1. What are the pairs, 6+ residues apart or on separate chains, where a residue within the stretch 123-152 that is outside any helix (DSSP H, G or I) has its Cβ under 6 Å from a residue that is among the β-branched types (Val, Ile, Thr)?
2. Name every residue in the stretch 244-266 that is crowded, with 17+ Cβ neighbours inside 10 Å and part of a loop (DSSP other than H, G, I, E, B), in order of residue number.
3. I'd like to know if the stretch 130-148 contains one or more residues that are over 21 Å from Cys209 (Cβ atoms), within 16 Å of the chain's Cα centre (by Cα) and not β-branched (Val, Ile, Thr).
4. Quickly run through the stretch 154-172 and pick out the residues that are out of contact with any strand residue (DSSP E or B) (no Cβ under 6 Å at 6 or more places or on another chain) and buried (at least 16 other Cβ atoms within 10 Å of the Cβ).
5. Please work out if Gly203 is in a loop (DSSP other than H, G, I, E, B) and either of a type in the set (Gly, Ala, Ser) or outside the structural domain of Ala151 (by TED's automatic domain parsing) (or both).
6. Only one residue in Ser78, Ser87, Ser130 is within 24 Å of Gly18 (Cα to Cα) and not assigned by TED's automatic domain parsing to the domain that holds Arg335, so which one is that?
7. Please verify whether Asp227 is under 26 Å from Ile245 (Cα atoms), part of a strand (DSSP E or B) and modelled with pLDDT of 95 or more, treating the condition exactly as stated.
Amino acid sequence: MTAVPRKLRYAMVGGGPGAFIGAVHRMAAALDGEMDLIGGAFSSSAERSAEQGRLLHLDPDRVHGSWQELLAAEAARSEDDRIDFVSIVTPNALHFPIAKAAMEAGFDVVCDKPMTTTVEEAEELCRLASATGRVFVLTHNYTGYPMVKQARAMVAAGDLGAVRKVVVEYPQGWLATLLEATGQKQASWRSDPAMAGISSALGDIGTHCENLVHYVTGLEMDEMIADLGTVVEGRAMEDDASILIRYAGGARGILYASQISVGEENNLALRVYGERAALVWRQEHPNRLHLISNDGPEQILKRGNGYLSAAAAHASRIPPGHPEGFIEAFANIYRAASAAIRSRVIDDAPTAQDGARGVHFIHTAVRSSAARAWVDASYTPPD
């Protein structure tokens, strides 16, 4: 496939009326003007899908009542009219069949995390992307923040020395009560094993922790011991997780993901401690990266300045002093996906292999918690 000398065309599966993350994806995809949403299957209800299509002013002929109908209709269109990729923003259990069918139909894929609900499915998507030559990008959006990219560049350059300790946490408080019993949509599917998979807290936010550590440090897990708990009575899956990790090479880690930490919103934070210095980044204050050491005062590096790495500079969209945040970070993932679809080379975007790594992490943690023991956490996803 040659470079695409026009705006990309995409269709969305999921993200119907009332869905939070679908709207975020659409805003992010639109930010750079490189792609247009032209169709979708926004809900399992044909009526609600049509309603979302009307709200987005889409051609009714390209809005469908199921993802199967969407893919079949788009595949039947001429090459100069069909979509280039599918954006998947459904509950977790649907990611695999939609992504598999999309790639087999000749479409590239941008998919929300976690990639699948089983390791076997994740590995199948890795192999399928390789076999078909399709682009598969996973929307681990926190890797899109400029100061996360700066942290990665500083670790890779050896500014901290060898990494010794990593602490990553993602506390939320929105599920401190049995919210799913009220019928609240986002809580209901995340607490349903049939839709979310074998994990709630780890699948929803713990995978962001795992991915953030790997992206910034490059460390590979060796062993872990996990303590997963269901704190709110009546909940089907875990809502709190604490994990100790030993990384290959000797670094130690602590990972804490919780949905019942009352008062917390989206307090994702990463601390990386090296031999000589440490970095601290907080998602709720994303434009600053703290550099600390025993030898001098704390330094605060700020987004948009000329002293940052090339990757951090590229990810910064406006001048210093104007805050950037969640949508812009998400848009950096879509911009990377656009570049990959045009060039057929994925550069600095989460891949199917990152997705498989995350699914393996979830299953390993669940197994460790059940056994109440240290378990082998090493893993190499298929190419």
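1. Going by the 6 Å Cβ cut-off, the qualifying pairs are Val135/Ile341; Phe136/Val109; Val137/Val110; Thr139/Ile333.
2. Ala251, Gln259, Ile260, Ser261, Glu264
3. Looking through the stretch 130-148, at least one residue is over 21 Å from Cys209 (Cβ atoms), within 16 Å of the chain's Cα centre (by Cα) and not β-branched (Val, Ile, Thr).
4. If the condition is that a residue be out of contact with any strand residue (DSSP E or B) (no Cβ under 6 Å at 6 or more places or on another chain) and buried (at least 16 other Cβ atoms within 10 Å of the Cβ), then Met154, Val155, Gln172 are the ones that fit.
5. Values: in a loop (DSSP other than H, G, I, E, B): no; either of a type in the set (Gly, Ala, Ser) or outside the structural domain of Ala151 (by TED's automatic domain parsing) (or both): yes.
Against the criterion (in a loop (DSSP other than H, G, I, E, B) and either of a type in the set (Gly, Ala, Ser) or outside the structural domain of Ala151 (by TED's automatic domain parsing) (or both)), Gly203 does not qualify.
6. On the way: Ser78 fails: within 24 Å of Gly18 (Cα to Cα); Ser130 fails: within 24 Å of Gly18 (Cα to Cα).
When all the criteria are applied, what remains is Ser87.
7. Details: under 26 Å from Ile245 (Cα atoms): yes; part of a strand (DSSP E or B): yes; modelled with pLDDT of 95 or more: yes.
For Asp227, the condition - under 26 Å from Ile245 (Cα atoms), part of a strand (DSSP E or B) and modelled with pLDDT of 95 or more - is met.
The rows are residues; the columns are (1) crowded, with 20+ Cβ neighbours inside 10 Å; (2) free of Cβ contacts under 8 Å to residues at least 40 places away in the same chain.
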position: Arg303; (1), (2): yes, no
position: His322; (1), (2): no, yes
position: Ala329; (1), (2): yes, no
position: Gln353; (1), (2): yes, no
position: Asp376; (1), (2): no, no
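The values are calculated or read from the model by the stated rules, or taken from the named source; none is laboratory data. The shown structure was predicted, so the numbers you read here are calculated from the model rather than taken from an experiment. Here Cβ is always computed from backbone atoms with ideal geometry, including for glycine, and neighbour counts include all displayed protein chains.
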